[in-house]
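The values are calculated or read from the model by the stated rules, or taken from the named source; none is laboratory data. What you see is a predicted model, and the numbers here were worked out from it, not measured in a lab. Every residue, glycine as well, gets a Cβ built from its backbone with ideal geometry; the counts of neighbours run over all protein chains shown. Ligands, DNA and RNA are stripped out before the accessible areas are found, and what is left, the full protein with its side chains, is counted by its heavy atoms. Shrake-Rupley method; radii C 1.70, N 1.55, O 1.52, S 1.80 Å.
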Amino acid sequence: MASHSIYQTSYITLQWLLGCVLALLLNGCTASIEDYEHAEPKFNLFQFFEGRSQAWGMVQDYKGQQVRRFSVELNGVITGNKLVLTEDFVFDDKETQQRVWTITKQANGQYIGTADDVVGEAVGYEKGNALHWQYVLAMDIDGTTYHINFEDWMFYQGNNQLFNVAKMKKWEITVGSVTLFFQK
């Protein structure tokens, strides 16, 4: 009977390990910006965010539970190949935040972005109706600053509407997500 218990425990451990490996492999299988090369309508980051726009969104934890809601008033000013985008957030608990992005358009369709709470530079690529951003955001949570990796996907829907979905990761583990809806 004891040997049956050892084999059963080993089998359960093997199942658990295989499940973990499968989860890691699936987590690594992500879309590529090239997948959207021919998607319509075409998105133009500078054109969409020039002037005033607004957004509504939510933050969800790793289980998918909504933990915050917010609205954003945006104002974009273009000078040459630079967009300065001011985002004024109001959260459901009345907290306010402001982020000012400086986004530089590169010749190859790439964008480089900086903001006070972005660690280093955000790097983005635009193809078809999509923009893919990757950056590290310094987030204050209960008095401690954490560096959270963001992977943002923006999808232009036409009619001056834009969807944004972002995964938040720490040590390659998804810790939450952000969903936004923009209206020009």
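Quick notes
- Going through (1) part of a strand (DSSP E or B); (2) open to solvent by 60 Å² or more (accessible area, probe 1.4 Å) one by one, residue 94 falls short only on (1).
- Looking only at residues in the stretch 98-134 that are assigned to a strand (DSSP E or B) and open to solvent by 70 Å² or more (accessible area, probe 1.4 Å), the one that is nearest to residue 165 (Cα to Cα) is 134.
- The residues of the stretch 40-50 that are touching a residue at least 40 places away in the same chain (Cβ under 8 Å) and farther than 17 Å from residue 133 by Cβ, listed by number, are 40, 41, 42.
- Single unsatisfied condition, residue 137 versus (1) assigned to a strand (DSSP E or B); (2) out of contact with any Ser or Thr (no Cβ under 9 Å at 6 or more places or on another chain); (3) open to solvent by 30 Å² or more (accessible area, probe 1.4 Å): (3)
- The set of residues in the stretch 32-54 being open to solvent by less than 100 Å² (accessible area, probe 1.4 Å) and in a strand (DSSP E or B) consists of 51, 53, 54.
- Some residue of the stretch 18-34 being under 21 Å from the mean Cα position of the chain (by Cα) and modelled with pLDDT of 85 or more: yes
- Leading residue by the ranking (surrounded by the most Cβ atoms within 10 Å (Cβ to Cβ)) among those in the stretch 167-184 that are over 8 Å from the mean Cα position of the chain (by Cα), aliphatic (A, V, I, L, M) and under 22 Å from residue 120 (Cα atoms): 175
- Within the stretch 153-166, the set of residues being surrounded by fewer than 18 Cβ atoms within 10 Å (Cβ to Cβ) and under 19 Å from residue 65 (Cα atoms) comprises 164, 165.
- Condition broken by residue 83, with the remaining ones in (1) out of contact with any helix residue (DSSP H, G or I) (no Cβ under 6 Å at 6 or more places or on another chain); (2) buried (at least 16 other Cβ atoms within 10 Å of the Cβ) satisfied: (1)
Residues checked against (1) free of Cβ contacts under 8 Å to residues at least 60 places away in the same chain; (2) more than 15 Å from the chain's Cα centre (by Cα):
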| residue | (1), (2) |
| --- | --- |
| 83 | yes, yes |
| 86 | yes, yes |
| 110 | yes, yes |
| 118 | yes, no |
| 129 | no, yes |
| 137 | yes, no |
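- Considering each residue of the stretch 62-76 in turn, none proves to be assigned to a helix (DSSP H, G or I) and either open to solvent by 90 Å² or more (accessible area, probe 1.4 Å) or touching a His at 6+ places or on another chain (Cβ under 7 Å) (or both).
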